[in-house]
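Student: This structure is in structure tokens; I'll ask about it shortly.
The values are calculated or read from the model by the stated rules, or taken from the named source; none is laboratory data. Only a predicted model underlies this, so the values are computations on that prediction, with no experimental measurement involved. Here Cβ is always computed from backbone atoms with ideal geometry, including for glycine, and neighbour counts include all displayed protein chains. The area values use the complete protein model at the heavy-atom level, side chains included, leaving out ligands, DNA and RNA. Shrake-Rupley method; radii C 1.70, N 1.55, O 1.52, S 1.80 Å.
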Amino acid sequence: MTRGSWHGDLGRSGRRWGTLVRMTDVPTRTAIRTCPFCEASCGLEITLRGDDIVRVRGDRDDVFSHGFICPKGSTLKQLHEDPDRLRRPLVKRDGEFVEVSWEEAFAEIERRLVPIIEAHGRDAVATYIGNPTAHNLSAMLYARTLAQGIGTRMRFSAGTVDQVPKQVAAGYMFGTAVTVPVPDIDRSDYMMILGANPYASNGSLCTAPDFPGRLEALRARGGKVVVVDPRRTKTAEEADEWVAIVPGTDAHFLMAIVHTLFDEGLADAGDHIRPWVNGWADIESLAAGFAPERVEDTCGVEATTIRRLARELAGAPTAAVYGRIGICTQDFGTLASWLVDVVNVVTGNLDRPGGAMFALPAAGGAATRGAPGKGKGFRMGRGHTRVRGLAEVLGEYPVVVLAEEIETEGPGQVRALVTAAGNPVLSTPNSERLAAALERLDFMVSIDIYRNETTRHADVILPPSSNLYRSHYDLLLLQFAVRNVANYSPPVLDGPADGLDEWEIMSRLALIAQGQGALADVDLADDFAITSLVQHAVGDASGPLSGRNADEILSALAARRGPERILDFMLRSGPYGDWFGARETFTDAEGVEQPAVTLALLEANPHGIDLGPLQPRIPEILRTPSGRIELTPPELVADCERLRASIGRGRNGHHLLVGRRDLRSNNSWMHNLNVLVKGKERCTLHIHPDDARALGLSSGDVARVTSRVGKIDVPVEITEAIRPGVVSMPHGWGHDLDGVALGVASARPGVNSNVLADEEQLDVVSGTAVVNGIPVTVVPA
Ligand SMILES: Nc1nc2c(c(=O)[nH]1)N[C@H]1C(S)=C(S)[C@@H](COP(=O)(O)OP(=O)(O)OC[C@H]3O[C@@H](n4cnc5c(=O)[nH]c(N)nc54)[C@H](O)[C@@H]3O)O[C@H]1N2
Ligand SMILES: Nc1nc2c(c(=O)[nH]1)N[C@H]1C(S)=C(S)[C@@H](COP(=O)(O)OP(=O)(O)OC[C@H]3O[C@@H](n4cnc5c(=O)[nH]c(N)nc54)[C@H](O)[C@@H]3O)O[C@H]1N2
Ligand code: SF4
Ligand SMILES: [Mo]
């Protein structure tokens, strides 16, 4: 199995330095590559001497990030060099992992997976796709191949512990699950941020490198930033105002804002949006039951504050409301996510500069395909889980059911699992139950770079090659960018001849699951994939390639293969593309002629191409059956009864546990890099001094925290920066489990907060887990 030469020669050095050359004599060179670690997608400038990384810094010429970098960006070097990062496949024999060749690993998978499919059907194999997939061109494009190859309906991902509520809300309102508006932060005069801490996370469902700098620029222009969060985060500290809301009550709070806007005659969608809105009267009457004075105790925010904030939002020249993980992974995740955009509409800020706008990504996307202005709309619930009956969402099932689907015997039981770039044992609720369930599987494969809390349960681990050996394009995240840009990075280094990229691994697994055998030809499958994409495009009457000759387009793409070929196709058939010779330029939003986008053009522009600020896209972007914005989708209105019933609910003597992120963490998996974990212990329980006093806890004490499903002991950190009644700890820790091979991380393991998260506490609409606002009891340990 060889890597072939699919990535072309541009921008990379294939030189190998002879051993006689002293390294100091070797000249350095630089490579430019987009950082794959978070949604900000910063440009990096990597200095190399031979194959050694000398330095990583922000690329000052990057058209989007302009040199910004955070402490994680430079750890591309440490990750590449980490001795614990897997280089060769592992197979478990008699309970011990042994290194094997790729051929042996795939043969083992064929020997064990195929009989399970034959005996129990395809749904006996579940898949779980984790977060790093979203930052990986190769995995992004071929996760689908993997899923189709296995052919299971039992698909899971980190999405249902993350952003799915926002996608469901956007789907019902605008027509597709990626029609998600982002705050036009660079032109806004007022920004309200709920449940997000971009000073730590660098932003999410809002691709904006140097998010903090952009917020500071907004304030420097005379604008205002308000942060709604139970914790006084760094973002809140830097903002003009901190609103210390009770966890899980953002939907009440936003309803009260909507109520105020109507009540005080401030509601106006504006001339541009007004003709495209359905449900204006309905939203007014829905909000009528949520007067600020009715919900103030529930939210812990005074009615006068709520009313003032509503007036400020309506009165600002432009304003954008933005919410993220704290309002998604909570009891009313979908409602809160929906109401964010309801407020954006009702204040006249949707789809206008400075408000909440939609990107127009160069590589297309669901909201850019098909006939403009109208569509099939969004649907979910095409199937329900066997044990609990939870609804399908975005082609998958909520991950909170994974353990029970493995444990519960009978037809349809999950007997095998394939994980790709995921660590559900640390990332999803009731970790201990899930870990025990994984031990009961007949077979498990993990595509992963570490032997960690999840992959230790696997029978085979398949490690894709280092980031530096693979190319990059942010296919997913540029759909949520605050500016339209396109940026491609070729591989920085030549990988070893026996390394495999994600797409090759995923394709091979798909072929094995299809009964083609461990030696089937990945190239044939890849040819098939591009051919079907091209055929679909030439048959799409509303697309730019309608009626064209498929063979002619395929031959224009023939010099590339794998992810590059698909990417080139997507760019060239996208909104700025050359449409395969149909045009050489496109006219940008400012009326300037720009060269049409192809992968070759991006290769020639390693710092990226700027396609300009966001432009209004309504009504063209809409894909609802009505061709209008649905302000009150029935599926969401139905959940408002639950919202109303929860007004006045108390804590029942519990504390509410919320999460937090740290700039030097990345979910569960970067704790093996010493540069990121050294220093003060960060996996601590934040608690307000009043609560600490009442419970008899001092800083440095260990607290025992108990929820319905689990119990942990965690060191206490007393801080005023949290609302009384709320406690907080980060997720993704707890690396001291048997079988984990993470030298650095296991030495500073921390504690896994998801031992406490309850798989039965859900955002009911989307099935997304509640990992913020978990009722817990805290006592000294
Ligand atoms: N309590 C609580 N729980 C949470 C959250 C929270 O805020 N609080 N946040 C949730 C969110 S937003 C998310 S996104 C999820 C994340 O949930 P997951 O995606 O399940 O977990 P990660 O920690 O991102 O683990 C990534 C895995 O991918 C591996 N990996 C890293 N790079 C690569 C690569 O290039 N290729 C491959 N194949 N593998 C790679 C790592 O070794 C690790 O095993 O966690 C969720 N869980
Ligand atoms: N450094 C770093 N960066 C990351 C990650 C990381 O782990 N580390 N993970 C990446 C991923 S996968 C994601 S999804 C993003 C997430 O990006 P963000 O959404 O910005 O994530 P957090 O920093 O966890 O901020 C969530 C905030 O919600 C607050 N919160 C909790 N419950 C509630 C509530 O009920 N209401 C309100 N209003 N607020 C609440 C928490 O106190 C917290 O401050 O970050 C990404 N970037
Ligand atoms: S902010 Fe995100 S993309 Fe930028 S350097 Fe840090 S981890 Fe990388
Ligand atoms: Mo996430």
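Student: What is the list of residues in region 713-728 whose amide nitrogen lies under 15 Å from a point 7 angstrom out from the Cα of S698, following Cα to Cβ?
Tutor: The answer is 716-718, whose backbone nitrogens lie closer than 15 Å to the label point.
Student: Which number gives the lysine pairs in the chain that have C-alpha atoms under 27 Å apart and are eight or more places apart or on different chains?
Tutor: Taking the Cα cut-off of 27 Å, the pair count is 15.
Student: For A757, list long-range residues whose amide hydrogen, built 1.01 Å from N in the peptide plane, is under 5 Å from its own amide hydrogen.
Tutor: N430, S431
Student: Continuing with this model, one more query. What spacing in nm lies between the two simple spin-label points modelled at L524 and V592, each 7 Å away from Cα in the Cβ direction?
Tutor: 5.0
Student: On a full-extension model of 0.36 nm per residue, what is the gain between K374 and S532, subtracting their alpha-carbon distance, rounded to one decimal in nm?
Tutor: Computed gain between K374 and S532 is 54.4 nm.
Student: Determine the shape class of region 178-325: with a ≥ b ≥ c the square roots of the Cα gyration tensor eigenvalues, call it rounded for a/c under 1.5, and otherwise prolate if a/b is greater than b/c, oblate otherwise.
Tutor: Judged from the Cα gyration tensor, region 178-325 comes out oblate (a/c at least 1.5, b/c at or above a/b).
Student: For a Förster distance of 35 Å, can you work out the FRET efficiency between the beta-carbons of N674 and T719, rounded to the nearest 0.05?
Tutor: Step by step, r from the Cβ atoms, then E = 0.85.
Student: Probe radius 1.4 Å, ligands and nucleic acids ignored: give me the carbon and sulfur share of the accessible area of region 332-389 as a rounded percent.
Tutor: 53
Student: Would you mind computing, in nm to one decimal, how far apart the modelled labels at R60 and R111 are, each placed 7 Å from Cα along Cα→Cβ?
Tutor: 5.7
Student: Additional query: Per DSSP H run of at least 4 residues, take -39500 (n - 2.57); add these up for the chain, divide by its residues and hand me the 222 nm value, nearest 500 deg cm²/dmol.
Tutor: Rounded to the nearest 500, it is -8000 deg cm²/dmol.
Student: Restrict the search to region 634-695; then list the trypsin sites (Lys or Arg not before Pro) that DSSP places in a loop and that have at most 14 other Cβ atoms within 10 Å of their Cβ. Can you show the working numbers first?
Tutor: Values: sites: R642, R644, R649, R651, R660, R661, R664, K678, K680, R682, R693; in loops: R649, R651, R660, R661, R664, K678, K680, R682.
In loop regions of region 634-695 (DSSP not H, G, I, E or B), the sparsely surrounded trypsin sites (Lys or Arg not before Pro) are R649, R651, K678, K680.
Student: In percent, what relative contact order does region 460-514 have, based on Cα pairs under 8 Å that are 6 or more apart in sequence?
Tutor: 43
Student: Mind checking the full-extension length gain between A366 and E81? Use 0.36 nm per residue of separation minus the Cα-Cα distance, one decimal, nm.
Tutor: Fully extending the segment from A366 to E81 adds 98.8 nm.
Student: So what is the relative contact order for the chain, in percent, with contacts set as C-alpha pairs under 8 Å and at least six apart?
Tutor: Taking the mean separation of contacting Cα pairs over the length of the chain, I get 20 percent.
Student: Something else now. With just the Cα atoms defining each centre, how far is region 705-781 from region 549-621? Give it in Å.
Tutor: Between the Cα centre of region 705-781 and that of region 549-621, the gap is 45 Å.
Student: Ok, one more. Could you rank the peptides 631-638, 175-182, 695-702 by their average count of other C-beta atoms within 10 Å per residue, with the highest value first?
Tutor: Ranking, from highest mean packing down: 175-182, 631-638, 695-702.
Student: Using amide H atoms built in the peptide plane, which far-off residues or other-chain residues are under 5 Å from N484 H to H?
Tutor: L611, G612, L614
Student: Classify the chain from the C-alpha gyration tensor, please: rounded if a/c falls under 1.5, else prolate or oblate depending on whether a/b exceeds b/c.
Tutor: It is rounded, given that a/c, with a ≥ b ≥ c, falls under 1.5.
Student: Leaving out ligands and nucleic acids, note down the accessible area per residue over region 637-745 with a 1.4 angstrom probe, in whole Å².
Tutor: Working: 4660 Å² over 109 residues.
Result: 43 Å² per residue.
Student: According to a simple spin-label model (label point 7 Å from Cα along Cα-to-Cβ), what is the distance in nm between K234 and A558?
Tutor: 5.3
Student: Quick one: if the Förster radius is 30 Å, what FRET efficiency do T585 and D540 give, using the C-beta to C-beta distance and rounding to 0.05?
Tutor: After rounding to 0.05, the efficiency reads 0.85.
Student: A further question on this structure: Calculate one ³J(HN,Hα) per residue across region 747-755 by plugging θ = phi - 60° into the Karplus curve 6.51 cos²θ - 1.76 cosθ + 1.60, and present them in order as whole Hz with x for glycine and proline.
Tutor: Once rounded to whole Hz, the list reads 6, 10, x, x, 10, 7, 5, 7, 4.
Student: Moving on to the next point. For the pair D662 and R308, what calculated FRET efficiency results from E = 1/(1 + (r/R0)^6), where r is the Cβ-Cβ distance and R0 = 35 Å, to the nearest 0.05?
Tutor: 0.60
Student: Rounded to whole Å, give me the distance from the Cα center of region 58-106 to that of region 113-158.
Tutor: 21
Student: State the extension gain, in nm to one decimal, for the chain segment bounded by R49 and D736, taking 0.36 nm per residue of separation less the distance between their alpha-carbons.
Tutor: Roughly 243.7 nm would be gained on extension.
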